[in-house]
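Trainee: Take this structure, written in structure tokens, and hold onto it; I'll ask about it next.
The values are calculated or read from the model by the stated rules, or taken from the named source; none is laboratory data. As the structure is a computational prediction, the values presented were derived from the model and not from experiment. Cβ atoms come from the backbone with ideal geometry, glycine included; neighbour counts cover every protein chain shown. For accessibility, only protein heavy atoms count, side chains too; no ligands or nucleic acids. Shrake-Rupley method; radii C 1.70, N 1.55, O 1.52, S 1.80 Å.
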Amino acid sequence: MGNKVQNNQLSIADTLGLGFMTFAFFLGAGNLIFPPLAGFLAGENITLAMFGFLITAVGLPLITLIAVAKANGKIMQLLPPIAATALAVSIFIIIGPAFAAPRTGLVAYEVGFKPFLEDTSATFMIAGLTLNITQLFYTLGFFGLSMVLALFPGKLLDSVGKVLTPILILLLVGLAISVIVIPGSDIGAAVGDYQASPLTKGILEGYNTMDTLASLIFGILIIDILRKKGINEPAAQTNYLIKAALIAAAGLAFVYVSLFYLGATAGDLATGAENGGVILSNYVIAKFGASGMILLSSVVTLACLTTAVGLISACGEYFNELVPKVSYRRFVVLVSLVCATVANVGLAQLINISVPVLMTVYPVAIALVAVTFLTERFAHPKMAHRIVLSVALFFGIVDGFKAAKVDVSFFNFMPLHNEGMAWLLPTAIVIIACLMVKKPSQPVAAS
């Protein structure tokens with residue numbers, strides 16, 4: 001069958017290819033840095049913390065992709081146009097220039113470049129900010145190259161993707177086997193929030209991957225790819241997107257479980273680590289020496305680069321559609337410059353800044369997925385979508401303020417407020433209330 005589509009069907013090889021491509025979309029290097037640190041901090045409570053993390057880092061993106069397929073790519077169509085645009089813009093800014101894209105440059109620096117430098121302490125002051133010299137030059141070069149590749153998208157990225165994904169998978173499989181086979185340190189005691197509520201902490205930690213937000217964009221992208229392959233029937237698109245999502249989810253779960261275990265058994269290798277990238281680098285250097293580190297750094301750098309180019313070009317295309325007067329190329333240059341600027345905040349600081357924003361936006365994304373699956377059951381679908389998302393946004397803002405250390409003690413009476421999930425119960429109640437509204441009975445026509 002080869003690559004040809006016959007009778008609106010994909011070959012098994014093409015279906016697997018679509019699944020691996022979806023896996024590669026999600027496996028930005030950011031996904032490699034959160035599980036090791038979470039595993040280390042969760043310690044003896046690793047099972048509950050890991051289960052919580054898998055709910056939001058694997059389960060939710062999978063369900064979101066299916067919801068996008070169910071809505072035929074138009075998941076925000078029942079919202080007022082201005083609200084749909086605002087939500088889409090905020091998601092593109094979060095996964096683009098504000099957080100996810102700059103993070104790719106920082107992870108490439110931390111894992112792919114910094115371990116080879118003897119001294120990275122040199123800094124200088126500019127406009128009252130202290131900047132690290134090596135980090136500044138590296139991120140300028142990284143986003144300069146990302147910009148050039150996004151400006152002239154050719155076959156280079158396709159070939160890198162086809163070569164890179166199998167290498168990355170092989171490396172991660174090797175890493176997972178080594179974590180199990182080579183004995184690490186004993187699993188230590190849980191730290192901080194992982195002591196009292198490891199499940200909830202794991203769920204919130206899974207927000208950091210930003211994959212549920214990315215799923216809203218990736219789902220539309222995959223449907224476009226399927227259309228180009230001649231799959232035009234919505235039912236067939238949904239079928240193939242679900243298969244691709246399941247392959248990607250299985251791959252992500254495998255990676256996360258092994259990295260969680262790596263962190264939990266890292267022992268002294270994780271002492272003083274600000275992020276999981278440091279733990280990962282320390283582990284590879286300790287177990288595989290310089291050659292292992294060279295392999296890890298080259299693959300992580302390439303993974304970061306392809307992710308950065310994908311995010312920058314996706315933002316360029318979206319904002320160009322939104323504001324056609326400004327060309328795609330100008331948006332690419334602008335987004336790349338913002339990424340290089342934001343990247344110099346530093347990885348630990350960037351993660352700290354992103355948490356309140358994700359705590360605010362994630363409830364809206366989760367509520368959107370929930371109401372998409374229930375659309376046919378609502379008597380007034382448009383009204384239900386708008387009310388549910390408004391409630392999720394309001395309480396998401398409360399959770400966001402709490403994460404930003406703003407005093408929101410007025411809401412302490414609410415269930416799950418202390419855990420950072422005040423939005424869950426009110427949103428669920430509103431969904432149930434909307435489901436209970438009966439459709440107006442149709443008048444019986446006279447015979």
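Trainee: With the checklist (1) modelled with pLDDT under 85; (2) surrounded by 21 or more Cβ atoms within 10 Å (Cβ to Cβ); (3) over 20 Å from G206 (Cα atoms); (4) of a type outside the set (A, V, I, L, M) in hand, flag the one item H385 doesn't pass.
Mentor: Single failed check for H385: (1).
Trainee: Can you tell me which residues in the range 342-357 are in contact with a Phe, Trp or Tyr (Cβ under 9 Å, 6 or more places away or on another chain) and either open to solvent by 10 Å² or more (accessible area, probe 1.4 Å) or more than 16 Å from G144 (Cβ to Cβ) (or both)?
Mentor: Start the filter on the range 342-357 by keeping residues that are in contact with a Phe, Trp or Tyr (Cβ under 9 Å, 6 or more places away or on another chain), which leaves 342-343, 347, 350-351, 353-357.
If the condition is that a residue be in contact with a Phe, Trp or Tyr (Cβ under 9 Å, 6 or more places away or on another chain) and either open to solvent by 10 Å² or more (accessible area, probe 1.4 Å) or more than 16 Å from G144 (Cβ to Cβ) (or both), then V342, L347, L350, I351, I353, S354, V355, P356, V357 are the ones that fit.
Trainee: I'm trying to understand the selection: among the residues of the range 176-185, which are open to solvent by 20 Å² or more (accessible area, probe 1.4 Å) and either polar (S, T, N, Q) or not in a loop (DSSP other than H, G, I, E, B) (or both)?
Mentor: Here is the first cut: in the range 176-185, the ones open to solvent by 20 Å² or more (accessible area, probe 1.4 Å) are 177, 180-185.
I177, I180, V181, S185 - these are the residues of the range 176-185 that are open to solvent by 20 Å² or more (accessible area, probe 1.4 Å) and either polar (S, T, N, Q) or not in a loop (DSSP other than H, G, I, E, B) (or both).
Trainee: Oh, and also: So the check is Cβ under 7 Å with 6+ separation or different chains; which pairs have a first residue in the range 229-252 that's touching a residue at least 12 places away in the same chain (Cβ under 8 Å) and a second one that's acidic (D, E)?
Mentor: Pairs that qualify, where the first residue is touching a residue at least 12 places away in the same chain (Cβ under 8 Å) and the partner is acidic (D, E): there are none.
Trainee: Pick from the range 288-333 the residues that are among the aliphatic types (A, V, I, L, M) and free of Cβ contacts under 8 Å to residues at least 24 places away in the same chain: which of them is nearest to L151 (Cα to Cα)? Explain how you work it out, then say what you get.
Mentor: Filtering the range 288-333 down to residues among the aliphatic types (A, V, I, L, M) leaves 290, 293-296, 299-300, 302-303, 305, 308-309, 311-312, 314, 322-323, 326, 332-333.
This time we only want the ones that are free of Cβ contacts under 8 Å to residues at least 24 places away in the same chain, so: 290, 294, 323, 326.
Numbers: A290: 35, I294: 29, V323: 18, V326: 14 Å.
Per the stated criteria, the residue is V326.
Trainee: Could you list, in sequence order, all residues of the range 192-236 that are among the polar types (S, T, N, Q) and modelled with pLDDT of 85 or more?
Mentor: Our first condition is that a residue be among the polar types (S, T, N, Q); within the range 192-236, this holds for 195, 197, 200, 208-209, 212, 215, 232.
Within the range 192-236, Q195, S197, T200, N208, T209, T212, S215 meet the criteria.
Trainee: Ok, one more. Go over the candidates A403, A379, A365, A370 one by one and state the one that is more than 20 Å from G420 (Cβ to Cβ) and either more than 17 Å from the chain's Cα centre (by Cα) or open to solvent by less than 10 Å² (accessible area, probe 1.4 Å) (or both).
Mentor: Values: A403 fails: more than 20 Å from G420 (Cβ to Cβ); A365 fails: more than 20 Å from G420 (Cβ to Cβ); A370 fails: more than 20 Å from G420 (Cβ to Cβ).
On inspection, the qualifying residue turns out to be A379.
Trainee: Under the condition of being open to solvent by 50 Å² or more (accessible area, probe 1.4 Å) and not basic (K, R), which residue from the range 186-201 is nearest to A49 (Cα to Cα)?
Mentor: The first filter runs over the range 186-201 and keeps only residues open to solvent by 50 Å² or more (accessible area, probe 1.4 Å), leaving 186-187, 189, 191, 193, 195-196, 199, 201.
Right, trim to not basic (K, R) and you get 186-187, 189, 191, 193, 195-196, 199.
Working: D186: 17, I187: 14, A189: 13, V191: 12, D193: 10, Q195: 10, A196: 11, L199: 5 Å.
For the range 186-201, the residue satisfying everything is L199.
Trainee: Let me ask something else about it. Y261 - would you say it is within 30 Å of G346 (Cα to Cα) and part of a helix (DSSP H, G or I)? Quick ask: steps written out before the conclusion?
Mentor: Numbers: within 30 Å of G346 (Cα to Cα): yes; part of a helix (DSSP H, G or I): yes.
So Y261 fits the description; yes.
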